[in-house]
Amino acid sequence: MSRCSVVIMLALWLAWFAAPAAAAPSYVGTEGCKCHKTEVEDWLKSPHAKAFEALSKDKRSKGQNKALRAAGLDHNKDYSSDEKCVGCHTVGFGKPGGFAAGSADENFKGVGCEMCHGPGSEYRQLHKEKDETFTRAEAAALGEIYPPKEDTCRQCHDHKDSPFNAKTDAKYMFNFEEMIKLNKAWHKKYDLQFKH
């Protein structure tokens, strides 16, 4: 092998090795999902939309304060900066593009669309480019989760570190099948207009 061939091969190997890995999809926040007007309107009325408010002593309801006391937490405390709480009350906490502790950005407060459907930077672009002609397989390849999966929900619901789990009180037992049927916590499941 000639010296020139070795140099070229070495250069190609170094270029391949040094090439950055494909960036993981990042969170875009609820604003990025507003094309789905009906779903967003439903969600805005849901407990998931108001999840961040439950952390703020000035915004939580009397019922939420009662639940805090029952769980042994201080109902006079503001938990909106507590990292143990924020992760389950915001979109993408600590992940690329997601909520940052102490942020005032409303776009990432609450349990938004991407907490169930996955970070949207990649599949949102697909939706824009192909409108109604994209396939579910294409969207899934770019990180879209549809329908939401039980393990996605369980990352917060009935989490071992949450004071609102079945170990604290049986009423906090999370039953995925029952929650899906209720569909009060997020949005109604609407039939697709187009074939995906």
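Looking only at residues that are charged (D, E, K, R) and at negative phi in the stretch 140-163, which one is surrounded by the most Cβ atoms within 10 Å (Cβ to Cβ)? Among those that are charged (D, E, K, R) and at negative phi, it is GLU144.
Evaluated against (1) at pLDDT 90 or above; (2) in contact with a Gly (Cβ under 6 Å, 6 or more places away or on another chain); (3) part of a helix (DSSP H, G or I); (4) not polar (S, T, N, Q), GLU31 falls short on exactly one condition, (2).
For the stretch 164-178, the set of residues classified as closer than 26 Å to TYR79 by Cα, surrounded by 16 or more Cβ atoms within 10 Å (Cβ to Cβ) and touching a residue at least 12 places away in the same chain (Cβ under 8 Å) consists of PHE164, TYR172, PHE174, listed by residue number. If the condition is being among the small types (Gly, Ala, Ser), surrounded by fewer than 20 Cβ atoms within 10 Å (Cβ to Cβ) and in a helix (DSSP H, G or I), then the stretch 88-139 contributes SER121, ALA137.
Answer yes if at least one residue in the stretch 96-119 is at pLDDT 90 or above, among the β-branched types (Val, Ile, Thr) and in contact with a Phe, Trp or Tyr (Cβ under 6 Å, 6 or more places away or on another chain), and no otherwise. No.
In this structure, is ALA185 at pLDDT 85 or above, closer than 25 Å to VAL28 by Cα and among the aliphatic types (A, V, I, L, M)? When the stated conditions are applied, ALA185 does not pass them. Considering the stretch 33-78, the residues that are more than 18 Å from the chain's Cα centre (by Cα) and under 13 Å from LYS109 (Cβ atoms) include one that is surrounded by the most Cβ atoms within 10 Å (Cβ to Cβ), namely SER56.
Evaluating ILE8 against the criteria (1) exposed (fewer than 11 other Cβ atoms within 10 Å of the Cβ); (2) more than 25 Å from MET179 (Cα to Cα); (3) of a type outside the set (S, T, N, Q); (4) modelled with pLDDT under 90 leaves one unmet condition, (1).
The values are calculated or read from the model by the stated rules, or taken from the named source; none is laboratory data. Not measured: the values here are computed from a predicted model. Glycine gets a Cβ as well: all are built from the backbone with ideal geometry, and neighbour counts include every protein chain shown.
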